[in-house]
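The values are calculated or read from the model by the stated rules, or taken from the named source; none is laboratory data. As the structure is a computational prediction, the values presented were derived from the model and not from experiment. Virtual Cβ from ideal backbone geometry, glycine too; neighbours counted across all protein chains shown.
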Amino acid sequence: MPLMLIALLAVVAIAGLGFVFVGAGDGQAKTLKRVQTIAATGKVEKVRRSTTEVAANRRRQIVQNLRTVDRAQRKQSLSLDARLSQTGLSISIQTFWIVSAVLGVALMLAAIVFSHNLLIALALGAGAAIGAPRWTIGMLAARRRQKFTAEFPNATDIIVRGVKSGLPINECLKVIARESPQPLGEEFGRLVENMAIGLSTEQALEKLYTRMPTAEVRFFSIVLAIQQKTGGNLAEALGNLSSVLRARKLMVEKIKALSGEAVASAFIIGAMPPGVMILIQLMTPSYMAPMFHDPRGHTMLFGSVIWMGTGIFVMRRMINFKF
């Protein structure tokens, strides 16, 4: 029995020693594997950080290039030729200047006949030749841009549905040009024609922005430019853009509703003085005659025009919201 007990204790001792050495080896192996895993994770994090930095730098470069292009396009869209194209009328610059000169001369002659005052006639003629045509062009262009902007979210929805169904973006643009109302269909038709003659998508969109300098077209151009340079899901990006444009349109309508009272008050206040003067002139011309024949009346009229113009300008700035 003592010998068997001693042999059993010896076996247990040898097994314990083996277990200790083997376990220690496994622990070292596990520790080594953990260290290698942590090192590999650190390398992956470094690679991810470097990739993120490269992507961020690329995005910054794209944004800077887009800002530079945007400034150049804004300057180009303010030219007279661009403003004439924004109206949708086929009028050349020479025709515009001829019409302006004829209108100015005609109004100046009419003022000379009725007022017999050369200074008033020159002022009215200059205003008619320089201000009235440009005001008309600005009004027509603004009305056309408003119609274009109202239908633009529908165009982006057409592109989203077409891209999801597998159509290329050029076919989606053709569908918009063919099915959309004017002026949206006309402008996208020009966009398709410019791309068909060899212009890149970015260049064609630049021409579209020159004809329609709106924030919606600028957003659309930026989305397509970033998608072409960095890749990504075009349908998702344009879907988000469509949601933003519709929310923007809703905000514009809400602002117009909230500022409607102020706009009406500004129009009434600005129209009352000249309206009262015209009524008095029609009812009792002799009462207003000194204002047109006496030099002091001319001074008063000149000062009144300046003050009224200043007041209208201030009220215009107060009720004019940039969207």
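Looking at the structure I just gave you, is ALA177 over 14 Å from PHE220 (Cα atoms) and surrounded by 18 or more Cβ atoms within 10 Å (Cβ to Cβ)? Yes, satisfied.
When segment 162-212 is filtered for residues that are of a type in the set (Ser, Thr, Tyr) and in a helix (DSSP H, G or I), the ones remaining, listed by number, are THR201, TYR209, THR210.
When each of VAL99, VAL113, VAL105 is tested for being in contact with a Pro (Cβ under 7 Å, 6 or more places away or on another chain), more than 30 Å from ALA247 (Cα to Cα) and not aromatic (Phe, Trp, Tyr), the lone residue that passes is VAL99. Among the helices (runs of 4 or more DSSP H) confined to segment 228-323, the ones with at least 3 residues that are within 30 Å of THR149 (Cα to Cα) and in contact (Cβ under 8 Å) with a residue 12 or more places away in the chain are located at 234-258, 260-283, 295-319. For segment 186-203, indicate whether the set of residues that are surrounded by fewer than 20 Cβ atoms within 10 Å (Cβ to Cβ), in contact (Cβ under 8 Å) with a residue 12 or more places away in the chain and within 19 Å of the chain's Cα centre (by Cα) is non-empty. The answer is yes, given that some residue of segment 186-203 is surrounded by fewer than 20 Cβ atoms within 10 Å (Cβ to Cβ), in contact (Cβ under 8 Å) with a residue 12 or more places away in the chain and within 19 Å of the chain's Cα centre (by Cα).
Looking across segment 207-240 at every residue that is among the polar types (S, T, N, Q) and touching an Asp or Glu at 6+ places or on another chain (Cβ under 9 Å), the one that is farthest from GLU186 (Cα to Cα) is identified as GLN228. Within segment 258-295, if we keep just the residues that are touching a helix residue (DSSP H, G or I) at 6+ places or on another chain (Cβ under 8 Å) and not hydrophobic (A, V, I, L, M, F, W, C), the residue that is nearest to ASN320 (Cα to Cα) turns out to be SER259.
Checking each residue of segment 145-157 against the condition of being in a loop (DSSP other than H, G, I, E, B) and surrounded by 16 or more Cβ atoms within 10 Å (Cβ to Cβ) gives no match.
Are there any pairs, at least 6 apart or on different chains, whose C-beta atoms fall under 8 Å, with the first in segment 137-158 and closer than 19 Å to SER243 by Cβ and in the same structural domain as ILE176 (by TED's automatic domain parsing) and the second crowded, with 19+ Cβ neighbours inside 10 Å and aromatic (Phe, Trp, Tyr), and if so, which? Between residues of segment 137-158 that are closer than 19 Å to SER243 by Cβ and in the same structural domain as ILE176 (by TED's automatic domain parsing) and residues that are crowded, with 19+ Cβ neighbours inside 10 Å and aromatic (Phe, Trp, Tyr), the close pairs are PHE152/PHE220; ALA155/PHE188; THR156/PHE220. Got at least one residue in segment 291-306 being more than 16 Å from ASN117 (Cα to Cα), aromatic (Phe, Trp, Tyr) and outside the structural domain of ALA123 (by TED's automatic domain parsing)? Scanning segment 291-306, I find no residue that is more than 16 Å from ASN117 (Cα to Cα), aromatic (Phe, Trp, Tyr) and outside the structural domain of ALA123 (by TED's automatic domain parsing), so the answer is no.
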